[in-house]
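S.K.: Let me give you the structure first, and then I'll get to my questions.
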């Protein structure tokens, strides 16, 4: 299932309390459950005026549907084309003169 | 903080959604004229010149579609694209106040409206601030003024009263705004009392607004649509009546047998839907506005279901929820809900809606009624009523209170009484005084049952005021006295509530006494009220007593007290005590006009009248308009006087305010020598008797005396009643001016015997035979008719001729001719000629609007400046200025500036 990064513009998001986040999380989970299609809310990252969410779904339409049901804005929805992290470096081709990778 | 979505903003950016909730515009047949009109309106908006178009037609005629195509065809200049804003009205039991505007993101944000009202304590983002409707109008105006905008408001047949006020506000200013206002409605659903009527009246009247009526398709049109199918155009046209929606439905599935009705056509599309899915359709149909997306989880509607329902083509996503593409489709599905099933459906919807914030009490009330849930109806209808009051929609507030009362199930008497009292107040606010009185009276036994003396006293006090506004003094005084005695009765602990009720009742009684000139009684009542108020720390009540006492002093002729009265009004304003401010204005303006301080009166009214409109205080608005009518009348501006008088007299209104309007509408035609309403003087007389206030009774007698003098027909009301009652009436405090006026008329009729009473200075001069001095006095005061009559009172024929000339200038042809006849009888042969109509300038003929323009011209403003001030286009300003110059008989604006003082324009 593709992954999506969703940007939600919410002024003052950084000031949300834990309680408020808990309520929002419950609403989100209810929305996911109501969809009736395979869907995973992976995680969300809160910045001052925007929340970034990572979801897995079959298509962007499901992402938008979830947003509507939760009452969340979905200002930008982007398919994750690829993922990488520190571990990905190990797959890099080894050059002849390169030193041995440190352990 | 809730993550309330700003619907307008996000809908446009969500990927897979159509931003426009209307069906795909196909080839629009037979709508070329309408499309051209709409396109022109939009183009003009880009050019900065606003206009409005109303589209009407039966359901399914294609109103939404034609508006959609207008948008699609918009050709915008790249550097300044127009905004397209859509609001709609919903088929709720009682409409949501400001419903269409709440849905429009930009407007809602600027006007401080949440998508739905946020709690009861303040509007979204403006806690505690009571957004008066006038402020809202201003803010919405600001938003729309800066950028070219197309504002669409659909389904006006479901509109609420507050939104109508906003739309009328915009319509009056639209010429000078870059706004295309496009509205739609079903004309057969707008009856005589409908809130949208005044707006439709504007559309009929104002030049920049027009109405388009969509006709059904012709057979040829149907032929084009059914081309390529085996359908017979004549038959299709016969069955569908040419209704575009119906025809389109038929064409979508040409192989099926012709449905007999729209309902059948719509339901045919849902023929393949499973029963569970069909129940979802019914749920969407049960929601009058839309099925909010956020209740889908609670209702168990999943995404695959929505995808299946999408195939029927009946639904669309709009305004944050699911809705039918067309009202006809919604109604068709709604009819399939079995009679027993509807309450259950609505109960489910209600339960789901209660779990999301913010709530819309109007929508919740709608569902609670359909769910037969009495307790919830009372709860939400009361909230909705409060919301309506904030929005200034009193007729809707009344409807909500009535709904709550209808569903109140064996309530505690005090609760029911409180609701009835609030309903009564809304009836008063919509000028339905007799209903208000009936409803307040219904609370009396309830308060007694509840053993609540302060409630009973408050109810008696409210009744006293309503009776007074209805012109019934005796009843008003009785209720005020009863209120005080109930509140002060021993055996009840003197709680704050009862003490407050007592203070209020005494203040009311004091006010009534003041209006009758019973200054000693007024002083006593106010002292008692003030003492109680001080003890309670009730600043407003205390100030009220002081204000009334200051007014008493002014009425009694104490000039210094006027400054004190003004000061009290200012103090009230500083505290935000609107009703007290307005009451103060009413008294001040009335005293100024009575005591002939006309420039001061103009100044007060210029500020106070808009205040009554802004702060929604109907009794003061009527009263002050009546005072202004009298002021115009005294200053010789008779057209404006009649304009104001007719405004007070039309509609139910407040009888208390109608006295001078009756006199003005009777005397102006009399003086002009034209026909006037026969019954008005009689109506004024009866009202004056009921009111039993000396200055008013004297004014009526004066008018009757004037009529007798004009018609030379003896009137026993004058020859007997007036003569007999004059001494006593004149002795009342505050009556010296009115008594003087009557005394002078009686003298002209030869009916004045002795004069053991005081009269005001100008009348004293006339009665003493000092006519030239009297004329000079009236000239200084700015009363041309009184001045002219003073000249005519003199013995010298030259003076009398001068008076006649003045009367002619005023347009008082009737009076002038009467004076001519008198001169002839006295043997004077050289009479001043009647001037020809064309040479006459007639300042008396200026309407209120033209007076506004004249004043601005007198201050040297250009047409462009005048246009900005009055929210009209420069071209309209030019027309007004021409009309003004014509009526004043002046050649240039400069002449107006030069003669401003004389014309009374400063």
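S.K.: For residue B:892, work out the one condition from (1) farther than 25 Å from residue B:672 by Cα; (2) touching a helix residue (DSSP H, G or I) at 6+ places or on another chain (Cβ under 6 Å); (3) without any contact (Cβ under 8 Å) to a residue 60 or more places away in the chain it doesn't fulfil.
M.R.: The single condition residue B:892 does not satisfy is (2).
S.K.: What number goes with the only condition from (1) free of Cβ contacts under 8 Å to residues at least 60 places away in the same chain; (2) touching a strand residue (DSSP E or B) at 6+ places or on another chain (Cβ under 7 Å); (3) away from chain B (no Cβ under 11 Å) that residue A:32 does not pass?
M.R.: (3)
S.K.: Of all residues in segment B:349-367, which are over 21 Å from residue B:98 (Cβ atoms) and away from chain A (no Cβ under 14 Å)?
M.R.: B:349, B:350, B:351, B:354
S.K.: If a residue must be touching a helix residue (DSSP H, G or I) at 6+ places or on another chain (Cβ under 9 Å), under 18 Å from residue B:342 (Cα atoms) and more than 14 Å from chain A (Cβ to nearest Cβ), how many such residues does segment B:272-282 contain?
M.R.: Of the residues in segment B:272-282, 4 are touching a helix residue (DSSP H, G or I) at 6+ places or on another chain (Cβ under 9 Å), under 18 Å from residue B:342 (Cα atoms) and more than 14 Å from chain A (Cβ to nearest Cβ).
S.K.: Here is a list of conditions, (1) in a strand (DSSP E or B); (2) more than 9 Å from chain B (Cβ to nearest Cβ); (3) under 27 Å from residue B:292 (Cβ atoms), and residue A:11 meets all of them except one; can you say which number that is?
M.R.: Among (1) in a strand (DSSP E or B); (2) more than 9 Å from chain B (Cβ to nearest Cβ); (3) under 27 Å from residue B:292 (Cβ atoms), the lone unmet condition for residue A:11 is (1).
S.K.: Among the residues that make up segment B:600-614, is at least one of them touching a residue at least 12 places away in the same chain (Cβ under 8 Å) and not in a helix (DSSP H, G or I)?
M.R.: Within segment B:600-614, none of the residues are touching a residue at least 12 places away in the same chain (Cβ under 8 Å) and not in a helix (DSSP H, G or I).
S.K.: Related question: Pick out the one residue from B:228, B:242, B:201 that is surrounded by fewer than 13 Cβ atoms within 10 Å (Cβ to Cβ) and part of a loop (DSSP other than H, G, I, E, B).
M.R.: One residue alone meets the criteria, B:228.
S.K.: While we're here: Which of the numbered conditions does residue B:332 fail, given that it passes all the others? Conditions: (1) at pLDDT 90 or above; (2) within 8 Å of chain A (Cβ to nearest Cβ).
M.R.: The number of the failed condition is (2).
S.K.: (1) surrounded by fewer than 16 Cβ atoms within 10 Å (Cβ to Cβ); (2) within 14 Å of chain B (Cβ to nearest Cβ); (3) assigned to a helix (DSSP H, G or I): which one isn't true of residue A:78, the others all being true?
M.R.: Failing condition for residue A:78: (3).
S.K.: Among the residues of segment B:316-329 satisfying the criterion of being more than 14 Å from chain A (Cβ to nearest Cβ) and not in a helix (DSSP H, G or I), which is surrounded by the fewest Cβ atoms within 10 Å (Cβ to Cβ)?
M.R.: B:325
S.K.: Working carefully through the options B:155, B:188, B:160, find the one that is modelled with pLDDT of 80 or more and at positive phi.
M.R.: So the residue among B:155, B:188, B:160 that is modelled with pLDDT of 80 or more and at positive phi is B:155.
S.K.: A further question on this structure: Could you tell me which of the residues A:63, A:51 is more than 20 Å from residue A:15 (Cα to Cα) and within 14 Å of the chain's Cα centre (by Cα)?
M.R.: One residue alone meets the criteria, A:63.
S.K.: Please work out if residue B:606 is more than 22 Å from residue B:504 (Cβ to Cβ), surrounded by fewer than 16 Cβ atoms within 10 Å (Cβ to Cβ) and out of contact with any helix residue (DSSP H, G or I) (no Cβ under 9 Å at 6 or more places or on another chain).
M.R.: yes
S.K.: Here is a further query. Considering only segment B:335-344, state which residues are at pLDDT 90 or above and either in a loop (DSSP other than H, G, I, E, B) or more than 19 Å from residue B:263 (Cβ to Cβ) (or both).
M.R.: B:335, B:336, B:337, B:338, B:343, B:344
S.K.: Which fully enclosed helices (runs of 4 or more DSSP H) of segment B:790-884 have 3 or more residues being at pLDDT below 90 and in contact with a helix residue (DSSP H, G or I) (Cβ under 7 Å, 6 or more places away or on another chain)?
M.R.: Qualifying helices (runs of 4 or more DSSP H): B:848-858, B:863-870.
S.K.: Can you tell me how many residues in segment B:289-311 are in a loop (DSSP other than H, G, I, E, B) and either crowded, with 19+ Cβ neighbours inside 10 Å or within 14 Å of chain A (Cβ to nearest Cβ) (or both)?
M.R.: Selection size over segment B:289-311: 5.
S.K.: Collect the residues in segment A:14-24 that are more than 9 Å from chain B (Cβ to nearest Cβ) and surrounded by 13 or more Cβ atoms within 10 Å (Cβ to Cβ), keeping them in residue-number order.
M.R.: A:21
S.K.: Do any helices (runs of 4 or more DSSP H) lying entirely in segment B:1-117 carry at least 2 residues that are modelled with pLDDT under 60 and out of contact with any helix residue (DSSP H, G or I) (no Cβ under 8 Å at 6 or more places or on another chain), and which ones are they?
M.R.: Fully inside segment B:1-117 and qualifying: B:7-13.
The values are calculated or read from the model by the stated rules, or taken from the named source; none is laboratory data. It should be emphasised that the depicted structure is a prediction, and the values quoted were computed from it without experimental measurement. Every residue, glycine among them, receives a Cβ derived from its backbone with ideal geometry; neighbour counts consider all protein chains shown.
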